[in-house]
Amino acid sequence: MDDILYLVRVTGLATTQFPPQQIIASFARIFCLTIPEAESRLASLPLVVRGNLSHDQAEKYHRVLMRLGVECEIGLQALPEDASPGLAASVGEEV
(Lines give C-alpha, C1' and ligand atoms only; values in the text may rest on other atoms or scores of the structure.)
Protein backbone atom coordinates (compact mmCIF):
# COMPACT_ATOMS: atom_id res chain seq x y z
CA MET A 1 0.00 0.00 0.00
CA ASP A 2 1.20 3.50 -0.83
CA ASP A 3 1.96 5.52 2.32
CA ILE A 4 1.96 8.86 0.49
CA LEU A 5 -1.18 10.89 1.15
CA TYR A 6 -2.58 13.64 -1.04
CA LEU A 7 -4.92 16.60 -0.72
CA VAL A 8 -7.15 18.46 -3.15
CA ARG A 9 -6.93 22.25 -3.10
CA VAL A 10 -9.39 24.59 -4.84
CA THR A 11 -7.51 27.42 -6.56
CA GLY A 12 -10.24 29.22 -8.46
CA LEU A 13 -13.48 29.09 -10.41
CA ALA A 14 -13.75 28.64 -14.17
CA THR A 15 -16.13 31.56 -14.56
CA THR A 16 -15.34 31.94 -18.25
CA GLN A 17 -16.81 28.46 -18.83
CA PHE A 18 -19.65 28.38 -16.27
CA PRO A 19 -21.77 31.00 -14.49
CA PRO A 20 -20.42 31.60 -10.95
CA GLN A 21 -23.76 30.76 -9.31
CA GLN A 22 -23.86 27.42 -11.13
CA ILE A 23 -20.35 26.57 -9.88
CA ILE A 24 -21.24 27.55 -6.32
CA ALA A 25 -24.48 25.53 -6.43
CA SER A 26 -22.63 22.46 -7.75
CA PHE A 27 -19.93 22.81 -5.09
CA ALA A 28 -22.61 23.11 -2.40
CA ARG A 29 -24.41 20.03 -3.68
CA ILE A 30 -21.40 17.70 -3.76
CA PHE A 31 -20.14 18.77 -0.31
CA CYS A 32 -23.63 18.93 1.30
CA LEU A 33 -23.41 22.66 2.04
CA THR A 34 -25.93 25.46 1.85
CA ILE A 35 -25.37 28.02 -0.91
CA PRO A 36 -24.22 30.69 1.61
CA GLU A 37 -21.75 28.22 3.16
CA ALA A 38 -20.36 27.33 -0.26
CA GLU A 39 -20.06 31.02 -1.20
CA SER A 40 -18.23 31.73 2.04
CA ARG A 41 -15.76 28.88 1.58
CA LEU A 42 -15.10 29.67 -2.07
CA ALA A 43 -14.47 33.32 -1.19
CA SER A 44 -11.32 32.25 0.70
CA LEU A 45 -9.11 30.60 -1.90
CA PRO A 46 -6.97 28.58 -1.97
CA LEU A 47 -9.05 26.09 -0.02
CA VAL A 48 -8.20 22.49 0.85
CA VAL A 49 -11.41 20.52 0.35
CA ARG A 50 -10.14 17.02 1.10
CA GLY A 51 -6.98 15.56 2.57
CA ASN A 52 -5.48 12.22 3.60
CA LEU A 53 -6.41 10.70 0.26
CA SER A 54 -4.78 8.04 -1.87
CA HIS A 55 -3.63 9.26 -5.27
CA ASP A 56 -6.60 7.56 -6.96
CA GLN A 57 -9.07 9.22 -4.58
CA ALA A 58 -7.44 12.62 -5.11
CA GLU A 59 -7.61 12.16 -8.88
CA LYS A 60 -11.32 11.36 -8.64
CA TYR A 61 -12.05 14.54 -6.64
CA HIS A 62 -9.93 16.52 -9.10
CA ARG A 63 -11.84 15.20 -12.13
CA VAL A 64 -15.27 15.78 -10.59
CA LEU A 65 -14.46 19.30 -9.39
CA MET A 66 -12.92 20.34 -12.71
CA ARG A 67 -16.04 19.14 -14.59
CA LEU A 68 -18.13 21.39 -12.33
CA GLY A 69 -16.01 24.46 -13.06
CA VAL A 70 -13.96 24.37 -9.87
CA GLU A 71 -10.27 24.83 -10.65
CA CYS A 72 -8.17 22.70 -8.32
CA GLU A 73 -4.87 20.95 -7.87
CA ILE A 74 -3.55 17.86 -6.14
CA GLY A 75 -0.81 18.33 -3.55
CA LEU A 76 1.10 16.18 -1.13
CA GLN A 77 -0.33 15.96 2.37
CA ALA A 78 2.12 17.23 4.98
CA LEU A 79 3.32 14.55 7.38
CA PRO A 80 2.94 15.01 11.14
CA GLU A 81 5.88 16.70 12.84
CA ASP A 82 6.91 13.46 14.55
CA ALA A 83 7.42 11.75 11.17
CA SER A 84 10.83 11.28 9.67
CA PRO A 85 12.09 14.65 8.34
CA GLY A 86 13.49 12.98 5.24
CA LEU A 87 10.00 11.94 4.18
CA ALA A 88 8.13 15.17 4.90
CA ALA A 89 6.61 16.97 1.96
CA SER A 90 5.43 20.54 1.85
CA VAL A 91 1.70 21.05 1.48
CA GLY A 92 2.47 23.50 -1.32
CA GLU A 93 4.21 20.91 -3.49
CA GLU A 94 2.30 19.78 -6.54
CA VAL A 95 2.10 16.31 -7.96
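The values are calculated or read from the model by the stated rules, or taken from the named source; none is laboratory data. None of these values were measured; they are calculated from a predicted model. Note: ideal-geometry Cβ built from the backbone for every residue, glycine included; neighbour counts use all protein chains shown. Calculation scope for accessible area: heavy atoms of the full protein, side chains included, ligands and nucleic acids excluded. Shrake-Rupley method; radii C 1.70, N 1.55, O 1.52, S 1.80 Å.
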Could you state the per residue volume, in Å³, of the convex hull enclosing the Cα atoms of segment 1-52? 96 Å³
Heavy-atom accessible area of ARG50 with all protein chains present, probe 1.4 Å, nearest 10 Å²? 90 Å²
SASA check, LEU42, accessible area w/ 1.4 Å probe, all protein chains in place, rounded to nearest 10 Å², comes out at 10 Å²
Can you list the chymotrypsin sites (Phe, Trp or Tyr not before Pro) in segment 2-33 that are in a DSSP coil and have 15 or fewer other beta carbons within 10 angstrom? PHE31
